Amino acid sequence: MERIEKETTYQETRKVEKGDFAAAGQISASYKNMLKRLGVDSKVVRRLAIASYEAEINLAIHTFGGSMTITVYPDHIVLVVKDTGPGIADIGLAMQEGYSTASEQVRMLGFGAGMGLPNMKRCSDTFEITSELGIGTTIEMGFLLTP
Amino acid sequence: MKVSQIAQILRAEVRCGEENLGLDIPYAVASDMMSDVLVCNDSDRVLISGLCTVHTVLTAQILDLRAIVFVRGKRPTPEMIEVAEENGITVLCTDMSMFNTCGELYKHGMKGRARPDGTD
């Protein structure tokens, strides 16, 4: 199995289109496969994949579209999720478990229970979110490679 | 509980992943909301759901779950079976309701895992 070398850094950016719920999850699945190949601990891979999947779903259902950038450093991974709006009016409220602005249609598809942002925070070792109405939201999550 | 036993108790059709029939899975999670399933990251669970979309299979893949039970007579699409096969996930289909599925498995010793906040 290939291991991450000390000096290796890998970065990849991929777009998520607004409303493309059907494709949501593919980026997270590809992260999972890539990190497994790199020999990252399976528990870390799972935590990152869950956080990434939640973010990917959110981009598709809540935003005007955006991007996900993963950077793999020798000792940690950073996942940056950026969208182009509409922005979150009250981040404190959005971080509460059970609070959601998702449509009934999204709930019928099994998402929008108001668990996404809190779950991203729970799964990551560091979590920062900034948002501006009309501009967009940026979430930066860090994952240590030691479990 | 072995996957073969789960299939037998639920009189379920095995749609793919027969290689996992001898696998022992001690816990279960049952929900139609994948948001709720993703809250717990333990991989030693069978996913029981009436939500029959590719996102149910993707959720199992993300969580490293080895088996899914679709209840209420829901039948997965060929695309869902393909994703499940690629990821070594067994797909079982039962005509039982979610309530009876959970009841039967619980009666035979299957338990749910505590959530991260400590609640059952």
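Quickly work out the A:Thr69-to-A:Ile135 label distance, labels modelled 7 Å from Cα along the C-beta direction, and quote it in nm with one decimal.
1.6 nm
Once the Cβ-Cβ distance between B:Glu104 and B:Asp42 is put in as r, and R0 is 25 Å, what FRET efficiency do you end up with, to the nearest 0.05?
Given R0 = 25 Å and the Cβ-Cβ separation, E is 0.70.
Cut-off under 21 Å on the C-alpha distance; same-chain residues fewer than 8 positions from B:Lys111 excluded. Which lysines are left, in chain and number order?
By straight Cα distance, B:Lys111 reaches B:Lys2.
What order do you get for B:3-9, A:9-15 when each peptide is scored by the mean count of other beta carbon atoms within 10 Å, highest first? Walk me through the numbers on the way to the answer.
Details: B:3-9: 18.7, A:9-15: 11.6.
The packing order, highest mean first, is B:3-9, A:9-15.
Going by accessible area, probe 1.4 Å, with all protein chains left in place, what is the ranking of B:Cys52, B:Cys40, largest first?
Descending accessible area places them as B:Cys52, B:Cys40.
With a 10 Å cut-off between alpha carbons and a GNM built on chain B, which of B:Ile81, B:Ile25, B:Ile62 moves the most?
Answer for the Gaussian network model of chain B: B:Ile62.
Calculate the mean, over all residues of peptide A:17-24, of how many other protein chain Cβ atoms lie within 10 angstrom of the residue's Cβ.
Values: counts 0, 0, 0, 0, 2, 3, 1, 3.
Across the residues of A:17-24, the mean count of other-chain Cβ atoms within 10 Å is 1.
Apply the a/c threshold of 1.5 to the C-alpha gyration tensor of segment B:3-110 and tell me whether it is rounded, prolate or oblate.
Since a/c stays below 1.5, the shape of segment B:3-110 is classed as rounded.
Could you pull the accessible area for B:Arg75 with a 1.4 Å probe, rounded to 10 Å²?
100 Å²
Calculate log10 I(q)/I(0) of the protein assembly as shown for q = 0.09, 0.11, 0.12, 0.17 Å⁻¹, where I(q) comes from the Debye formula with a single equal point scatterer on each Cα and nothing for solvent.
Debye output, listed in q order: -0.41, -0.61, -0.72, -1.33.
Explain nothing, just the number: relative contact order of segment A:28-116, from Cα pairs under 8 Å at least 6 residues apart, as a whole percent.
Value for segment A:28-116: 20 percent.
Quick one: plug the Kirkwood hydrodynamic radius of segment A:64-147 (C-alpha pairs) into Stokes-Einstein at 37 °C, 0.692 mPa s, and report D in µm²/s.
In µm²/s, the coefficient is 237.
Just the Cα atoms of chain A, one point each, no solvent: what log10 I(q)/I(0) does Debye give at q = 0.22 Å⁻¹?
Computed log10 I(q)/I(0) values: -1.45.
Less than 20 Å apart at the alpha-carbon level, and either on another chain or at least 8 residues along: which lysines does that give for A:Lys121?
A:Lys32, A:Lys43, A:Lys82
Tell me the per residue accessible area of the protein assembly as shown using a 1.4 Å probe; a whole number in Å² is fine.
Computed with neighbouring chains in place, this is 47 Å² per residue.
Out of A:Thr146, B:Ile81, A:Met95, whose Cα points farthest toward the positive end of the dipole of the protein assembly as shown (charges: +1 Lys, Arg; -1 Asp, Glu; placed on Cβ)?
B:Ile81
Under a cut-off of 16 Å between alpha-carbon atoms, report the aspartates and glutamates in cross-link reach of A:Lys18, not counting same-chain residues fewer than 8 places apart.
A:Glu54, A:Glu56, A:Asp83
The values are calculated or read from the model by the stated rules, or taken from the named source; none is laboratory data. Remember, it's a predicted structure, so these values are computed and weren't measured experimentally. No Cβ is skipped: glycine too gets one built from the backbone with ideal geometry, and neighbour counts run over all protein chains shown. Just the protein is used for accessible areas: all its heavy atoms, side chains included, with ligands, DNA and RNA removed. Shrake-Rupley method; radii C 1.70, N 1.55, O 1.52, S 1.80 Å.
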